[in-house]
Each structure stands twice: as structure tokens, then as C-alpha cells.
Amino acid sequence: MKIFVWRHNRKFHSWSMINEPNVHQDFYTDAIAVVVAATVDEALALLAQERGWLPEELKRIEPQVYELGKPKVLLQMVQGS
């Protein structure tokens, strides 16, 4: 099993980025999906069952992939004011 992490931030979204993915049906600034699955296709199928996620758009973003069973820092978050 692996952990798949997709993150899409639209903070600086503008018309010049018209081809930018839209990964969720709701209006968002930052969208993060974390899924445990064996393959990326299985992870996308699981997300398709959740409200609002758009798997076809998520395919346009390369997820971070973490192997389970190996020590690893999975999340660090620093937010500015």
C-alpha cells in the first residue's frame, strides 16, 4: 500500500492560467486529498466516490507518493500571516 497526496492551490489563479486544473466542484483556494491505496488508479477511484472530487482533473497533477512501512515525514506545514 502507498499514500497518495494531491495538493492544488489556486491562490494566484488568474485568467492567464485558464488551462489550470479544477480538482473539486466547490470553490477552493487550497485542495488537498490524501488516499491510502495500492495504485494511483485505485486512489483516484476511491476519490471518485467522495463528494466533489474530479478524478479526471486530478490526473493532470502528479501526486506525491509515499510507501507505507518506511519511516518518512509526511507532512510539514508553515503558514504565514
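A few comments on the model shown:
- Cβ-based net charge around Arg7, under 15 Å, with every Lys or Arg adding one and every Asp or Glu removing one: 0
- Qualifying aspartates and glutamates (Cα of each under 18 Å from Cα of Lys11; at least 8 residues distant if same chain): Glu20, Asp26, Asp30, Glu57
- Among Asn9, Trp53, Phe27 the positive-end extreme of the charge dipole of the chain (Cβ point charges): Asn9
- For the chain, built as a Gaussian network whose Cα springs stay under 10 Å, the top-fluctuating residue of Lys70, Lys59, Lys11: Lys70
- The chain, helix-only ellipticity at 222 nm - DSSP H runs n ≥ 4, -39,500 (n - 2.57), divided by all residues, nearest 500: -4000 deg cm²/dmol
- Probe 1.4 Å, protein heavy atoms only - accessible area per residue of the chain in square angstrom: 77 Å²
- The chain, accessible surface, carbon-and-sulfur percent (1.4 angstrom probe): 53 percent
- Sequence-distant lysines (8 or more away, or on other chains) whose Cα lies within less than 29 Å of Lys70: Lys2, Lys59
The values are calculated or read from the model by the stated rules, or taken from the named source; none is laboratory data. All values reported here derive from a predicted model rather than from experimental measurement. Every residue, glycine as well, gets a Cβ built from its backbone with ideal geometry; the counts of neighbours run over all protein chains shown. Ligands, DNA and RNA are stripped out before the accessible areas are found, and what is left, the full protein with its side chains, is counted by its heavy atoms. Shrake-Rupley method; radii C 1.70, N 1.55, O 1.52, S 1.80 Å.
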